[in-house]
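So the structure is just underneath, and the comments pick up after that.
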Amino acid sequence: MSEGKLDFAGKAWVDKATEVLEALVNEHGEEEASFSVCEVFTDAPTNVSANGTAAWYFYIKGKSVRVGLGEEVGTDVRIQADYESSLPNVRLVYTPEILEEMRANAEERAADTSSSVEGDMSKAPPYLVELHNQMAPLTA
């Protein structure tokens, strides 16, 4: 692990993501809003997951957050991807230009077989981009 960096989807990374998400939800959460995600990454290195699958999830309800390690069923969105293939995107800070490019290439991105998304990401609170952007530079 690089100095000051956290192994993606490892315990320390999820702990830091929890801190960031709690602050964002406290500031931007809306009482009637809820959203949940489970991200599962296959072929993870053994220092992240002994069984080769790294997973974490979160539930946002109003101004409260519940985050955990492992796979969780019943979330609004489930993302599954190869660990190593995900790292370049995980480490990328999303600028407005990058977000626009991602929207413009949504069909091409959907055809990528190294990952899958079940559920409707359009229901994600907009401040989740800030969660991503705060975690990207911290990710080893």
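Each reported figure results from applying straightforward, stated rules to the coordinates on display, with no laboratory input. Please read all numbers here as calculations on a predicted model, not as lab measurements. So basically every Cβ, Gly included, is an ideal-geometry build from the backbone, and we count neighbours across all protein chains shown.
Less than 5 angstrom separates the built amide H of Thr139 from those of Leu6, all sequence-distant by 5 or more or on a different chain.
Across all Cα atoms of region 1-139, the radius of gyration (one decimal) and Dmax (whole number) stand at 14.6, 40 Å. For the pair Thr95 and Glu118, the difference between a 0.36 nm per residue extended length and the Cα-Cα distance amounts to 5.8 nm.
The string of couplings for region 127-138 from the Karplus curve (6.51, -1.76, 1.60, θ = phi - 60°) is 6, 5, 4, 5, 4, 4, 5, 6, 7, 3, x, 8 Hz, one whole number per residue in order, with x for Gly and Pro. Here region 44-101 was treated as a single set of alpha-carbon atoms; its pair distances binned every 10 Å from 0 give 17, 38, 37, 8 percent.
Once the piece of chain linking Ala33 and Lys61 is laid out straight, how much longer is it, given 0.36 nm per residue of separation minus the C-alpha distance between them?
Details: separation 28, 0.36 × 28 = 10.08 nm, distance 0.60 nm.
Stretched out fully, the Ala33 to Lys61 stretch lengthens by 9.5 nm.
In a simple Cβ point-charge model (Lys, Arg +1; Asp, Glu -1; nothing else charged), the chain has a dipole of about 320 debye relative to its Cα centre.
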